[in-house]
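Written out below as structure tokens is the structure these notes cover.
The values are calculated or read from the model by the stated rules, or taken from the named source; none is laboratory data. If you're wondering where the values come from, they're calculated on a predicted model, not measured in any experiment. Cβ: placed from backbone, ideal geometry, glycine included. Neighbour counts: every protein chain shown. Side chains included, ligands, DNA and RNA excluded: accessible areas come from the protein's heavy atoms. Shrake-Rupley method; radii C 1.70, N 1.55, O 1.52, S 1.80 Å.
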Amino acid sequence: MSIIAGEIARGIAQKLVAAYRAGKRVPADPLTLEALSRVQALNIQREVVRALAVPVAGWKVAALPDGDLISAPILRDRLFPSPASICPAIYGLGGVECEIAFRFAREPIPGREGFEKEHIIEAIDGACSAIEVVDSRWATTFSTPRNAMIADLLSNGALVVGSANRNWRDVAFRALGARLGINGRTAYQSTGGHPDGDLIGLLTMFANDLRKRGIVLSAGDVITTGSYTGFHTAKSGDEIIAEFDGFRSVSVTFE
């Protein structure tokens, strides 16, 4: 990274930290955001987390259709038990997605060649329904280039989680039924709506990616694995409910 690029990256991190704290948007040159490399985005992500000085409580992860694996930390002050009520500074643009999250009982232990599925399964305490609240600190909102989204903690506003299903190994995640409700009305429902469905495979890829970056998953970490219902928006005063077959529902109200 050149000196100029390094200065730009540090400036971006400072702006994102200020926006995160104030619940505001960062004006940015689209060409600058397009030019961000993955290495720069991850460096900015780490700097934002360091500067906010809030412990990491979990991660969000997704494997995209082009094969790219993307992830970002979820900070402890953005992780809420259901039912939750959150303020406009947190829900921001009001994006909502219904997801399945996993809680780790302990740090997974890799084999000689890295993590395999069995290493991840052994470390998981339970799975739960979740609502990810999606926001963006960028003025370009959700039209932001991928690496700029990664720098912005992958547009995480909050994660609301339900109680753990400890019989999660019996769940057919590829065919799981899901429903997103807003104010008592069904906004979207699906069966097998996750773009992959192999959630343990996704967690295994993610753990190996973190390992390459020198990051370990810890006991208590909550990892959310992508939407079953697609992206939707809610507004002030709305109550959002996520329901998955075999799981307790989870809800959040936008104050």
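Points to keep in mind about this one:
- Using C-alpha pairs under 8 Å with a sequence gap of at least 6, the mean separation divided by the residue count of region 1-142 gives a relative contact order of 26 percent.
- Of the chymotrypsin sites (Phe, Trp or Tyr not before Pro) found in region 175-255, those that fall in a DSSP loop while having at most 15 other beta-carbon atoms within 10 Å are F231.
- Based on alpha carbons, the Rg and Dmax found for region 53-193 are 16.1, 50 Å.
- What region 8-60 shows is 53 Å² of accessible area per residue, with the surface traced by a 1.4 Å probe over protein heavy atoms.
- Region 123-255 shape via C-alpha gyration tensor axes, a/c threshold 1.5: oblate
- Those aspartates and glutamates that a straight Cα-Cα span of less than 15 Å connects to K24, excepting residues fewer than 8 apart in one chain: D135, D152
- Cα gyration tensor shape for the chain, rounded if a/c is under 1.5, else prolate or oblate: oblate
- Heavy-atom accessible surface of region 144-255: percent carbon and sulfur, 1.4 Å: 46 percent
- Those residues of region 140-171 whose amide nitrogen sits under 16 Å from the label point placed on D209, 7 Å along Cα→Cβ: 146-156
- Take every Cα pair under 8 Å whose residues are at least 6 apart in sequence, average their separation, divide by the length of the chain, and the relative contact order is 27 percent.
- Highest mobility in the GNM of the chain, judged by mean-square fluctuation with C-alpha springs under 10 Å and restricted to T186, T144, T224, is found for T186.
- Neighbourhood charge, 14 Å Cβ-Cβ cut-off, centred on I109 and excluding it, Lys, Arg +1 and Asp, Glu -1: -1
- Within region 2-41, the proportion of C-alpha pairs whose separation exceeds 15 Å stands at 42%.
- DSSP-assigned coil residues among trypsin sites (Lys or Arg not before Pro) in region 121-207, each with at most 14 further Cβ atoms within 10 Å: R166
- Average accessible area per residue (Å²) across region 180-236 - probe 1.4 Å, nucleic acids and ligands excluded: 47 Å²
- Averaging the sequence gap over all C-alpha pairs within less than 8 Å and six or more residues apart, then dividing by the number of residues, gives region 133-217 a relative contact order of 19 percent.
- Accessible area per residue (1.4 Å probe, heavy atoms of protein chains only) ranks C128, C87 as C87, C128, with the largest value leading.
- Most to least accessible of M149, M205 (protein chains only, probe 1.4 Å): M205, M149
- Over the chain, dividing the summed -39,500 (n - 2.57) contributions of all DSSP H runs of at least 4 residues by the number of residues returns a 222 nm mean residue ellipticity of -8500 deg cm²/dmol.
- Tensor-based shape of region 123-182 (alpha-carbon gyration tensor, a/c under 1.5 rounded, otherwise prolate or oblate): prolate
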